Amino acid sequence: MTIPREQTAPPAGRSRREDFGGAAGSAWDLERKSSAVTLSDMEVFVFPELMYSLVLANIMSPRIWEWRSDPWFSGMESMTPYRRITRLKQYIMDHYAFNLDLETWGLTTKEREMARFREYVSPEALAQSNALFGYQGDKYYFDIDIRTHFGLDKYEGDVIPYWKTETVEAMDAFRHKPTYATGAGECVSLAALYAAALFIVAHVPLSDIYLMATPLHSQNFIDVGTGVLTNNRRIVTKNMWFNGTALSAQARRALENERVTVVAHESGYIHILFPKATIDPLVYKNFTGKLRRFLQTPLSPEILGNFLRQNSELQKCFQVRWRNFGVDHYISLEKLLTYEYASPFRFNDDTRERLMMEVAGEDFESRPLPGRIIFDDLEQLVRQRRVDIRTSEGFDLLVEQVGASCPKAQDAIEQLRRFCFTEPRLPDPDTKTFERDRSPLGLVPGMERADVIARLESLRDGNETAALAFYAYRDLNRAEPQPFLKAALERSPVSIAACAALSDEAVAKAVRNLAGESIYDEAGRLAQPDEVWNYGRGDGVEKALLLANVLRARHPEAPPAIDVRPDSATLRPGHEGRAAHRFPSSKQLRPQTWDCTT
């Protein structure tokens, strides 16, 4: 079977449905389906429907369904939705690490990726919205130098990493790598894992789960109570969002400093760049309202203290008063916070007295510290006047109170306003044309796995997200092989680089000596060549494709072919006279021949 060469893109101005959902077998259709297999950062950005296709692939996987048998999840039915979510969070914390090793999936170049996607999105748009193509974001990202922050500065020229999203099986397989004790995944992988597990294990309806991607991060908003955000492995409630801790400050970065490029939901997606959206517009309106309410809170004494806890520069402008035995004592806020870090008590709630009792006497001053605002007085003002910091009157009142002791009073109060009222920069629905899929997913909590798969199978002609899920699922008994082969032979640089110093015969021996088990438990489902190499294991079909990937890169003039049978895979080198390599297989694939030509 030959992988077709690239074809000319359709004329500009056509709809995304025409462009990307054309006739089966077209170059456009093949590109999108193959992207569903590899799910790189660029591919998910260009084809936003793929984000939810990965969620559905994880929902079809037996792995997460097996979690329900773990004693950790016993009694879930009697728990509140929030308790079920926190129980799931702890399981994910215990079993998965956050991974952003730039070289896990190899390297590519900006030039190569832009050539591949030039008909889909312009370089200028990418530079505004994608971390690998010049994105700087808000001032925060200019200050930290985004390439240095992600370690990209070690690469010369236009070299960039493949940031690929992992299925749950590929996440689990990280434990086979020498430096990993558990599974692992990057932020999109963890977001997709959370969404699937929330549905399967925590019984949260898919209608209540929204996936959000910014240029540098992915997270989920769960419509439970006042809302819950997933943030890599952790979760963030509304109270946590405003508690001023270092973890919360880290969780706030993306929504405070970046645009949301795509929102994905069971009803569809909306993308900041593309004119077509498939999400239900009423669902999107409901989501934007609830997310804004989650990100906003009125100013209160407790919120004021939380803000100062997070802002180390402004702490130098404040002191706290403590009356003991009828005498006022004073302590700098930053010194008081050193006690708070090691204590369950807080300086800005009803546990302040117990915190103060832990402070050593010599750390108090008998007179007010010069040039510092007494926190207690500002706290009292906020409480009594019910200051609305969003209004010019409330804003000016606080600037006046802080200004005498803080040279940057105006900037400080502006930061406080942003702390209380984050406005998410979401895709604008007024600029979109909404074209919903003909068939809704119709997946509800309580369905069994077989019912879910049967339902998605029935939707493949009427729901593009469901159709693409089977390519992300990697089942070659349910999908044609061309997209999988295209992805394998064009986007597996790790195995090629790792074998560069080996002869052809030595490569074949090394591949044969890998453990003979696939990271995918089921028949029909296959790992990509770099997954086989990275995790040191594979079924015979996977090993044959890994060897073919290396040989094709070395000998493009004589590409190999693979004869696939239910119980074996035989690689036939393109050069005459060279021995074939036969590998046993348990994948039960239909008989077919893969011509590894590009």
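The values are calculated or read from the model by the stated rules, or taken from the named source; none is laboratory data. Keep in mind it's a predicted model, so treat the numbers as computed, not measured. Glycine gets a Cβ as well: all are built from the backbone with ideal geometry, and neighbour counts include every protein chain shown.
Taking segment 186-220, which residues are touching a Gly at 6+ places or on another chain (Cβ under 9 Å) and hydroxyl-bearing (Ser, Thr, Tyr)?
Thr214
A quick yes/no check of all residues on (1) among the hydrophobic types (A, V, I, L, M, F, W, C); (2) in contact with a strand residue (DSSP E or B) (Cβ under 7 Å, 6 or more places away or on another chain):
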{"residue": "Met240", "(1), (2)": "yes, no"}
{"residue": "Val263", "(1), (2)": "yes, yes"}
{"residue": "Thr278", "(1), (2)": "no, yes"}
{"residue": "Tyr284", "(1), (2)": "no, yes"}
{"residue": "Phe287", "(1), (2)": "yes, yes"}
{"residue": "Leu295", "(1), (2)": "yes, no"}
{"residue": "Gly305", "(1), (2)": "no, no"}
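Just give me the residues in segment 95-118 being crowded, with 16+ Cβ neighbours inside 10 Å and in a loop (DSSP other than H, G, I, E, B), in sequence order.
Residues satisfying the conditions are Asn99, Leu102, Thr104, Trp105, Gly106.
Yes or no: segment 490-508 includes at least one residue that is among the charged types (D, E, K, R), part of a helix (DSSP H, G or I) and crowded, with 18+ Cβ neighbours inside 10 Å.
No, the conditions are met nowhere in segment 490-508.
Filter segment 221-270 down to residues that are in contact with a helix residue (DSSP H, G or I) (Cβ under 6 Å, 6 or more places away or on another chain) and polar (S, T, N, Q), then give me how many there are.
So the count comes out to 9.
Just for segment 366-400: of the residues that are among the small types (Gly, Ala, Ser) and farther than 13 Å from Leu304 by Cβ, which one is modelled with the lowest pLDDT?
By that ranking, first place goes to Gly371.
If only one of Leu514, Leu459, Leu502 is aliphatic (A, V, I, L, M), touching a strand residue (DSSP E or B) at 6+ places or on another chain (Cβ under 6 Å), over 20 Å from Glu166 (Cα atoms) and without any contact (Cβ under 8 Å) to a residue 40 or more places away in the chain, which one is it?
Exactly one residue qualifies, and that residue is Leu514.
Listed residues Leu50, Leu56; which is at pLDDT 95 or above and under 16 Å from Ala170 (Cα atoms)?
Leu56
Hey, among the residues in segment 42-80 that are outside any helix (DSSP H, G or I) and touching a residue at least 12 places away in the same chain (Cβ under 8 Å), which one's surrounded by the fewest Cβ atoms within 10 Å (Cβ to Cβ)?
Looking at residues that are outside any helix (DSSP H, G or I) and touching a residue at least 12 places away in the same chain (Cβ under 8 Å), I get Asp70.
Name the single residue, out of those in segment 376-399 being polar (S, T, N, Q) and outside any loop (DSSP other than H, G, I, E, B), that is farthest from Ser300 (Cα to Cα).
If we filter segment 376-399 for residues that are polar (S, T, N, Q), which is where we start, we get 380, 384, 391-392.
Narrowing the set further to residues that are outside any loop (DSSP other than H, G, I, E, B) leaves 380, 384, 392.
Working: Gln380: 10, Gln384: 10, Ser392: 17 Å.
Here the residue is Ser392.
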